[in-house]
Amino acid sequence: MTRAVPDGLLTDLEVIRKDFPILERTLAGGQPLVYLDSANTSQKPQVVIDAMVDHLEHHNANIARAMHQLGAESTAAFEGARDKVAAFLNAPSRDEVIFTKNASEALNLVARTFPLTAGDRVVITEMEHHSNIVPWQLATERSGAELRWFGLTDDGQLDLSNIDELLTPQTKVVALTWVSNMLGTINPVAEIARRAHEVGAVVVLDASQAAPQLPVDVQAVGADFLAFTGHKVTGPTGIGVLWGRTELLDQLPPFLGGGEMIATVSMAKSTWAPIPHKFEAGTPPIVEAIGLGAALDYISHIGLERIHAHEQAITGYLLDGLASVSGVKVLGPTDPTARGGAVAFELDGVHPHDVAQLLDSRGIAVRAGHHCAKPAHKRYGVQSSTRASSYLYTTPAEIDALIDGLEHTKNYFKVG
Amino acid sequence: MDLDALYQEIILDHYRNPHHAGLREPFEAEVHHVNPTCGDEVTLRVHLDGDRVEDVSYDAEGCSISQAAASVMTDLVIGKPLADALGTQDAFLELMQGKGQVEPDEDVLEDGIAFAGVAKFPARIKCALLSWMAFKDAALQATNAAVEPADTHQGALDA
């Protein structure tokens, strides 16, 4: 089986792979690791690991309150990470970058603090990750606001045919994912933001899957809030980001109360620190933020345009490979130029758990289940799926291993 | 990694040809259990005749391990005194939680011993246990329903 390797692969792929120590390891039976679960979490380059270890070994102290040299170094490193995030997002101000523990917390922060009342409407989509559904269910149940959503077309796109009905002056929030973690769809977020702003709604973008693989410019796309997580952009777990426009963040009440988020505290009443600190109660994940800063430096140095081209090339190669396996049905768009690098599929006659188990026995790591997108699965009449997801270190040979592994899986379960 | 220890031929046979599948009447209790991490689901009904498990019927969606476990479970509990069926459930639970160190008793678990290998795959233990936990839940609800026929909500909240 020979398939043409498409254009657009990172030319220094072998050099890049050497940056990721985990890619060297072998699994049970001496199988080399084939890591195709990057939409779940990405692997970490040595430079990120080193930045975190160096901080812990040489600069560790609490931030903002320690009146000593280590405290100053730690504060500078932490706030330096905020500058890196602001540059990565092309944010107008570094103070608009709020560190959270993950994207879920960032989305919950907005959903929990944004003022909603009965008669208001929140619009989400049927392809959201649970983390951009459940917080809005909670917010609308609490406030009496109405929750509506864009449906999906049969080919895995947002169904925008009823956009005029959904976006009305009642609509206060439009919250949607930039890139679907299940279908891979890249949504026309700039156009939807433009339409949302016409009715006065604010736009909350979940960029968890976009930030790793697309250039993200919060101003160009017209977002009001944007969330992403560190661990999918080659950074550590435990650190996420909420970016929001200053005038909106200034209006929102605090999310969590505690140390560092106050201006003054008396027993009867407190006043709040300016943003971003208003939303960062307690000691933050300091070394994780520094690791995230190093990760954003790393992927920015390679270049998001180049990473995006690599993802498109690998995804195209993966889609071609899957098309060659009888019994495979891909969920979501099949045009690699119109989608991200996560491809969910069904294999006729074999449950996704069993597919993942067979692949794992050959060292191939994929995800099986509903990928925290149960409504999107239900929309396509699917209980669960297998998902292969690539990143900047993924090679065509790894895709070949997956395709061979699927043929092996069919033989093992005697289907096809 | 010994896949064949996980996918015993007995398990694959039950997966391809599940026993007692489908939902039947009559029943005293029906439960719906899900494995939230993967979305596997089972709807399961228990029909008791006095202290005897007269029928267990189910509609399950899930992987080979969860489907085969449901099939084997019904073979093991239908027709048995309820106390014995719950004892078998205990034995299966012990086997699954034994990290591969528990020697299964074939006299008690019969085809269920084929699942011994599942205990070595932590991610799959919940798959094997889904229908067994649903059976225990439904059987206890059915027992309560017999004792307190007026209280139709008994047990429904934790289903």
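The values are calculated or read from the model by the stated rules, or taken from the named source; none is laboratory data. Every value quoted in this text rests on a predicted model; they were computed, and no experiment measured them. Using ideal geometry, Cβ is built from the backbone for each residue, glycine included, and neighbour counts are taken over all protein chains shown. The protein model used for the area step is the full one, side chains on, heavy atoms only, and it has no ligands, DNA or RNA in it. Shrake-Rupley method; radii C 1.70, N 1.55, O 1.52, S 1.80 Å.
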Members of segment A:17-44 found to be assigned to a helix (DSSP H, G or I), open to solvent by 50 Å² or more (accessible area, probe 1.4 Å) and more than 14 Å from chain B (Cβ to nearest Cβ), listed by number | A:Lys18, A:Pro21, A:Ile22, A:Glu24
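Condition first: out of contact with any Leu (no Cβ under 9 Å at 6 or more places or on another chain), farther than 20 Å from A:Ala294 by Cβ and without any contact (Cβ under 8 Å) to a residue 24 or more places away in the chain. Now tell me which residues in segment A:1-27 satisfy that.
A:Thr2, A:Ala4, A:Thr11, A:Glu14
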Every pair of residues 6+ apart whose Cβ atoms lie under 7 Å, when the first sits in segment A:31-43 and is among the acidic types (Asp, Glu) while the second is modelled with pLDDT under 95 = none
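Suppose we filter segment B:1-11 for residues that are surrounded by 18 or more Cβ atoms within 10 Å (Cβ to Cβ) and either part of a helix (DSSP H, G or I) or away from every other protein chain (no Cβ under 12 Å) (or both); how many remain? Break it down stepwise before answering.
From segment B:1-11, those surrounded by 18 or more Cβ atoms within 10 Å (Cβ to Cβ) are B:6-8, B:11; that's our starting set.
So of that shortlist, the ones also either part of a helix (DSSP H, G or I) or away from every other protein chain (no Cβ under 12 Å) (or both) come out as B:6, B:8, B:11.
Count: 3.
Take the conditions of a type outside the set (A, V, I, L, M) and either within 14 Å of another protein chain (Cβ to nearest Cβ) or within 30 Å of A:Ala77 (Cβ to Cβ) (or both) and apply them to A:Asp7. Does it pass? Let's see the steps before the verdict.
Numbers: of a type outside the set (A, V, I, L, M): yes; either within 14 Å of another protein chain (Cβ to nearest Cβ) or within 30 Å of A:Ala77 (Cβ to Cβ) (or both): no.
Considered against the rule, which asks whether it is of a type outside the set (A, V, I, L, M) and either within 14 Å of another protein chain (Cβ to nearest Cβ) or within 30 Å of A:Ala77 (Cβ to Cβ) (or both), A:Asp7 comes out as no.
So that you can scan it fast, the table gives a plain yes or no per residue for (1) assigned by TED's automatic domain parsing to the domain that holds A:Arg367; (2) at pLDDT below 95; (3) of a type in the set (Gly, Ala, Ser):
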position	(1), (2), (3)
A:Lys378	yes, yes, no
A:Ala388	yes, no, yes
A:Leu392	yes, no, no
A:Glu398	yes, no, no
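List the helices (runs of 4 or more DSSP H) that sit entirely inside segment A:299-396 and contain at least 3 residues that are buried (at least 22 other Cβ atoms within 10 Å of the Cβ) and either polar (S, T, N, Q) or within 19 Å of the chain's Cα centre (by Cα) (or both).
Details: elements: A:304-323, A:352-360, A:374-379.
Correct list: A:304-323.
Checking the condition within 14 Å of chain A (Cβ to nearest Cβ), touching a strand residue (DSSP E or B) at 6+ places or on another chain (Cβ under 9 Å), open to solvent by 10 Å² or more (accessible area, probe 1.4 Å) and in a helix (DSSP H, G or I), which residue from B:Leu130, B:Leu140 passes? Explain how you work it out, then say what you get.
Working: B:Leu140 fails: within 14 Å of chain A (Cβ to nearest Cβ).
Exactly one of B:Leu130, B:Leu140 is within 14 Å of chain A (Cβ to nearest Cβ), touching a strand residue (DSSP E or B) at 6+ places or on another chain (Cβ under 9 Å), open to solvent by 10 Å² or more (accessible area, probe 1.4 Å) and in a helix (DSSP H, G or I), namely B:Leu130.
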Could you check B:Gly39 against (1) over 30 Å from A:Thr26 (Cβ atoms); (2) open to solvent by 60 Å² or more (accessible area, probe 1.4 Å); (3) within 14 Å of another protein chain (Cβ to nearest Cβ); (4) not β-branched (Val, Ile, Thr) and say which number it fails?
-> (2)
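Within segment A:217-226, how many residues are open to solvent by 10 Å² or more (accessible area, probe 1.4 Å) and on the phi < 0 side of the Ramachandran plot?
Step one: list which residues in segment A:217-226 are open to solvent by 10 Å² or more (accessible area, probe 1.4 Å), which gives A:217, A:219-222.
From what is left, the residues that are on the phi < 0 side of the Ramachandran plot are A:217, A:219-221.
Final tally of qualifying residues: 4.
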How many of the residues in segment A:69-90 are in contact with an Asp or Glu (Cβ under 9 Å, 6 or more places away or on another chain) and either outside any helix (DSSP H, G or I) or open to solvent by 40 Å² or more (accessible area, probe 1.4 Å) (or both)?
-> 2
Considering each of B:Glu61, B:Glu54 in turn, give the residue that is within 14 Å of chain A (Cβ to nearest Cβ) and surrounded by fewer than 17 Cβ atoms within 10 Å (Cβ to Cβ).
-> B:Glu61
Among the charged types (D, E, K, R), modelled with pLDDT under 95 and either assigned to a loop (DSSP other than H, G, I, E, B) or open to solvent by 20 Å² or more (accessible area, probe 1.4 Å) (or both) - does that describe any residue in segment A:45-68?
-> yes
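Which of the residues that make up segment A:108-134 are acidic (Asp, Glu) and open to solvent by 10 Å² or more (accessible area, probe 1.4 Å)?
Going residue by residue through segment A:108-134, those that are acidic (Asp, Glu) are A:120, A:126, A:128.
Across segment A:108-134, the qualifying residues are A:Asp120, A:Glu126.
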Verdict on A:Phe88 being within 21 Å of A:Asn60 (Cβ to Cβ) and either at pLDDT 95 or above or outside the structural domain of A:Leu252 (by TED's automatic domain parsing) (or both) = no
Residue pairs qualifying under the 8 Å Cβ cut-off, at least six apart or on distinct chains, with the first in segment A:159-173 being under 10 Å from A:Val199 (Cβ atoms) and the second being of a type in the set (Asp, Glu) and open to solvent by 10 Å² or more (accessible area, probe 1.4 Å), are A:Leu167/A:Glu198; A:Gln170/A:Asp120; A:Gln170/A:Glu146; A:Thr171/A:Asp120; A:Lys172/A:Asp120
When you scan segment A:146-158, how many residues do you find that are without any contact (Cβ under 8 Å) to a residue 60 or more places away in the chain and either outside the structural domain of A:Leu248 (by TED's automatic domain parsing) or touching a strand residue (DSSP E or B) at 6+ places or on another chain (Cβ under 6 Å) (or both)?
-> 6
Lone qualifier among B:His19, B:His32 - being more than 16 Å from B:Ala138 (Cα to Cα), in contact (Cβ under 8 Å) with a residue 24 or more places away in the chain and open to solvent by 40 Å² or more (accessible area, probe 1.4 Å) | B:His19
Quick check, is A:Thr264 within 20 Å of the chain's Cα centre (by Cα) and of a type in the set (Val, Ile, Thr)?
-> no
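Name the one entry in A:Val343, A:Val366, A:Val350 that is within 12 Å of another protein chain (Cβ to nearest Cβ) and among the β-branched types (Val, Ile, Thr). Walk me through how you get there before you give the answer.
On the way: A:Val343 fails: within 12 Å of another protein chain (Cβ to nearest Cβ); A:Val366 fails: within 12 Å of another protein chain (Cβ to nearest Cβ).
Criteria check complete, one pass: A:Val350.
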